[in-house]
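The values are calculated or read from the model by the stated rules, or taken from the named source; none is laboratory data. These figures come from a predicted structure and were not determined experimentally. Neighbour counts are summed over all protein chains in view; Cβ atoms, including those assigned to glycine, are modelled from backbone coordinates with ideal geometry.
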Ligand code: NAD
């Protein structure tokens, strides 16, 4: 049960003149100039249809990257059949063989595939080189390596025996297929959701977000090159509800591995509940969902560190990380100093396409997101409860660009302090520095979410006290740091309340959801 000890993949800096930067720039240009015709993968076959959908660049929406072949309900049926046909052989393959396929994928990604997947993420999801590197290279490599380690730990979880009796437990895959439904914002999540279920011996139907197809296609090709047998993961591009209609009515539906918005997940759960009598087995429901992540500063906090937590925590990847800070509670004694630092820092954030590596801010994912975020900003501009402290401008003529925007709200329950916006907008509420207790209550109660949260204070007692009072307000808690940037193996990630089932992606807790244990007692 020994596998190579997992280590976090080191993050490359892409410094000017470095070989990795040159390779990434070259690959980016190469992919940008291609016109890909991206197929679905069903049972090892590449599937093309007459319904070709364009793959857009969010930062340059007139320049398409090619097309992907859009399917319908019949392709979902085919994908389920292909998965079920592959089930027996895959479930019976030794764990060492399954592990070695995913370890090989990790090594290919850390090496020859790195620049391609990073470039695909930059082009298709509008991430800058650093954000692509920590996502599609490092985090996905880490998920694969660490999950192989956790898999072996699960298989070693065995009951006690006694003389004359040998008790043992088999951690078998689920009976049926798993549906992996992935969001646009992380390539690592796109790879991890199908891979973690498959690693435990399950077969998978995978549907990524339409705005993530470029990276999803590359991941599928990577897994195939690593030796993944046909039919184990089947990748379809289909309308979400149309896919759901087939999947959630199928008797062999055995589980969903979801990351995305809370509303979509809650509807899926309702559908599964309504159909529960149709399934052979109770499906596993694992979902990581929305957030309204907070920064709470105490009057003892360091103003500079707080300003950095705000600008980095809120605006990396245009605020489209599920963990991004989107509300901050600042004590009155620190506000003027923090505001100055934030405004200065934001002047250094250049905005533009990712091919210019000096652009920190790129575009938001699509027009629908752009319009939604712009509406929140417009409403704030028209409200007498809010002031725009920084940013507030936007332009979608070439790409979906929105300036990093800081709102100061005088109403602690103004809508932008409560709802998930999922864009480069943070709302700040300045509280009376002597009223920390009421502010703790505000943090706890103004949003239904509980994904990430940061507390900044130099007072040990206050940190301890806040952590107790906010014990269910975040699944990932940060002390004197920004609330983003969880590293696999170091800060297992997942939220509580309306933010998810908190099964901690990239941990043994998550992998345990993809096995159905059989206890065996043998008497001699
Ligand atoms: P989304 O909910 O719109 O889409 C997620 C997936 O579900 C996509 O593949 C989409 O096509 C599919 N889908 C949408 N409607 C469907 C339906 N009715 N039936 C079946 N499938 C459907 O989410 P998104 O916009 O891609 O991602 C952003 C959201 O994801 C944010 O809310 C963010 O907070 C959340 N997120 C959470 C985490 C976490 O770890 N908690 C991580 C990343 C993203």
What is the residue count in segment 246-265 for residues that are more than 21 Å from residue 195 (Cα to Cα) and away from the ligand (no atom under 11 Å from the Cβ)?
3
Yes or no: residue 3 in a loop (DSSP other than H, G, I, E, B), surrounded by 13 or more Cβ atoms within 10 Å (Cβ to Cβ) and out of contact with any strand residue (DSSP E or B) (no Cβ under 7 Å at 6 or more places or on another chain)?
yes
Being without any contact (Cβ under 8 Å) to a residue 40 or more places away in the chain, under 24 Å from residue 14 (Cβ atoms) and not in a helix (DSSP H, G or I): is that true of residue 345 here?
no
For segment 266-290, name all the residues that are within 7 Å of the ligand (Cβ to nearest atom) and surrounded by 16 or more Cβ atoms within 10 Å (Cβ to Cβ).
268, 288, 289, 290
Between 374, 324, which is over 25 Å from residue 443 (Cβ atoms), modelled with pLDDT of 95 or more and under 26 Å from the mean Cα position of the chain (by Cα)?
374
Which members of segment 291-303 meet the condition of being touching a helix residue (DSSP H, G or I) at 6+ places or on another chain (Cβ under 8 Å) and away from the ligand (no atom under 16 Å from the Cβ)?
295, 296, 297, 298, 299, 300, 303
Exactly one condition in (1) in contact (Cβ under 8 Å) with a residue 40 or more places away in the chain; (2) away from the ligand (no atom under 16 Å from the Cβ); (3) touching a helix residue (DSSP H, G or I) at 6+ places or on another chain (Cβ under 6 Å) is not met by residue 469; state its number.
(1)
When residue 241 is run through (1) within 14 Å of the ligand (Cβ to nearest atom); (2) crowded, with 24+ Cβ neighbours inside 10 Å, the failure sits at (2)
Got a sec? Which of 180, 197, 216 is buried (at least 24 other Cβ atoms within 10 Å of the Cβ) and either modelled with pLDDT under 95 or more than 10 Å from the ligand (Cβ to nearest atom) (or both)?
197
Find all pairs meeting these conditions: Cβ atoms under 6 angstrom apart; at least six residues apart or on different chains; first residue within segment 68-80 and crowded, with 23+ Cβ neighbours inside 10 Å; second residue in a helix (DSSP H, G or I).
68/213; 76/243; 76/246
Residue by residue through segment 56-65, note down the ones that are under 20 Å from residue 219 (Cβ atoms) and either buried (at least 23 other Cβ atoms within 10 Å of the Cβ) or without any contact (Cβ under 8 Å) to a residue 40 or more places away in the chain (or both).
56, 57, 58
For segment 411-513, which fully contained strands (runs of 3 or more DSSP E) count at least 3 residues that are under 30 Å from residue 9 (Cβ atoms)?
452-456, 476-479
Restrict the check to segment 8-27 and report whether at least one residue is closer than 27 Å to residue 90 by Cβ, buried (at least 17 other Cβ atoms within 10 Å of the Cβ), in contact with a strand residue (DSSP E or B) (Cβ under 7 Å, 6 or more places away or on another chain) and modelled with pLDDT of 95 or more.
no
Looking at residue 149, is it free of Cβ contacts under 8 Å to residues at least 12 places away in the same chain and away from the ligand (no atom under 16 Å from the Cβ)?
no
Kindly establish whether residue 203 is within 13 Å of the ligand (Cβ to nearest atom) and either within 15 Å of residue 78 (Cα to Cα) or under 13 Å from the mean Cα position of the chain (by Cα) (or both).
no
Within segment 361-375, can you find the residues that are within 14 Å of the ligand (Cβ to nearest atom), out of contact with any strand residue (DSSP E or B) (no Cβ under 7 Å at 6 or more places or on another chain) and in a helix (DSSP H, G or I)?
367, 368, 369, 371, 372
On the basis of being within 27 Å of the chain's Cα centre (by Cα) and either closer than 26 Å to residue 210 by Cβ or crowded, with 20+ Cβ neighbours inside 10 Å (or both), does residue 392 make the cut?
no
Every residue from segment 325-336 that is in a helix (DSSP H, G or I) and surrounded by 15 or more Cβ atoms within 10 Å (Cβ to Cβ):
335
